[in-house]
1. Let me have the 222 nm mean residue ellipticity of the chain computed from DSSP H runs of 4+ only, each contributing -39500 (n - 2.57), with the sum over all residues rounded to the nearest 500.
2. Could you give the distance between the Cα centres of the range 131-150 and the range 9-74, to the whole Å?
3. Given charges of +1 on the Cβ of Lys and Arg and -1 on the Cβ of Asp and Glu, with all other atoms neutral, how large is the dipole of the range 178-228 about its Cα centre, in debye to the nearest 20?
4. Would you mind computing, in nm to one decimal, how far apart the modelled labels at ASN267 and THR196 are, each placed 7 Å from Cα along Cα→Cβ?
5. With springs only between Cα atoms under 10 Å, which of LEU36, LEU262, LEU139 fluctuates most in a Gaussian network model of the chain?
6. Hey, what's the per residue convex hull volume over the C-alpha atoms of the range 15-143, in cubic angstrom?
7. So, by mean Cβ neighbours within 10 angstrom, what's the order for 71-83, 281-293 with the highest one leading?
8. Averaging over every viewing direction, what projected area does the convex hull of the Cα atoms of the range 178-228 cover, in nm²?
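Laboratory data are not the source of any read-out in this text; all were calculated from the coordinates shown. All figures in this text were calculated on a predicted structure; none of them were measured in a lab. Virtual Cβ from ideal backbone geometry, glycine too; neighbours counted across all protein chains shown.
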Amino acid sequence: MGITAQNNRKIIHIDMDCFYAAIEERENPDLIGKPLAVGGSGRRGVLCTANYEARKFGCHSAMPGFKALELCPQLTMVPVRFDLYKSVSAQIRAIFGRFTELIEPLSLDEAYLDVSHWQTDAASIAREIRTQIQEETKLTASAGISCNKLIAKIASDWQKPDGQHEIRQDQIPEFMDGLPVSKLWGVGKKMQKKLTAMQIETCGDMQKLTKLEMAQRFGNWGIGLYDLCRGIDDREVTVSRVRKSVSKENTFGENVNRLQDLIAPMNEMLESVIETLNSRYKDRNMKSLVVKLKFSDFTQTTIERATKETSEELCRALLIEGWKRGGQKSVRLLGVGVKLADDEDDDQQLEMEM
């Protein structure tokens, strides 16, 4: 199904504004207007989120607490109250259910909604959903509206906070032409640097490459990027089960013969996994790190270690162990991922004292 087949789809991406911090401000109005962060307070505790006042100082999610306090000495840090956030999320989810059964949650504070069955235009539906959320929870939400999930998610960030933006089908080619490649799903900082070195800074720049060239330069992921940079996304909104893992794999165009040549792609995949965790699963905790290797003879091995934090050093150790297991054969596929903790585990780990 190409971009022309998306005409009748109405996809909304709802993203709550600074969800955890906004709830804390609602519960304690004295915090309103002051730099605020939610997260662990120990030496190695990290921020789950920061409000807009704190973000002006450079504070952001996944930042160590001590670093945030260096940037903003007047920062107020409050502990995580996951039960409260889950109850508010359930309240918001119930509002979504008044408009559609096709709800795909990405985390406690964001979700895709498919409202294609409505005769009413999607922008009006998004506006009504946001109104009901504000009236019933005293919280604000932003929305992106389009014919597919990729564009809807990008659009929801366009008018934050407390706004919405629609990108219609006929606007997608022009919109994508000038869109920075960093906005595409899966393009992390290292990938962005690599693209910049190739003088590819916008999706329009990337569109100049053929599908074959994309595959030769970036492997299987290049084929996916070929569609994404054109605004093509055929994924349907699905009522998904709880995500158990986040991973990234790369099948190399040519087998990799040396261990040292696997380090850079391993780091790039680990960074991509971390970015996905921070953007889509920041309310979840990890329980293990996983490295997967498939060798030139199509045998494979998977190495897993229990851990509550991502670590380049541990990932490298797992890679070395897997390389030795395979008899140091050349590698055709490398994968890096994390397994996520269940809710029961999450409730015990929310202080993020890692």
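1. Working: 14 runs with 138 residues, N = 354.
For the chain, the value works out to -11500 deg cm²/dmol.
2. Their Cα centres are 19 Å away from one another.
3. On the way: 8 positive and 4 negative charges, 44 e Å.
Computed about the Cα centre, the dipole is about 220 debye.
4. Label at ASN267, label at THR196, 1.6 nm between them.
5. LEU262
6. On the way: hull volume 13.5 nm³, N = 129.
Value for the range 15-143: 105 Å³ per residue.
7. Numbers: 71-83: 16.1, 281-293: 20.8.
Ranked from most to least packed, the peptides come out as 281-293, 71-83.
8. On the way: hull surface 11.9 nm².
With every direction weighted equally, the projected area is 3.0 nm².
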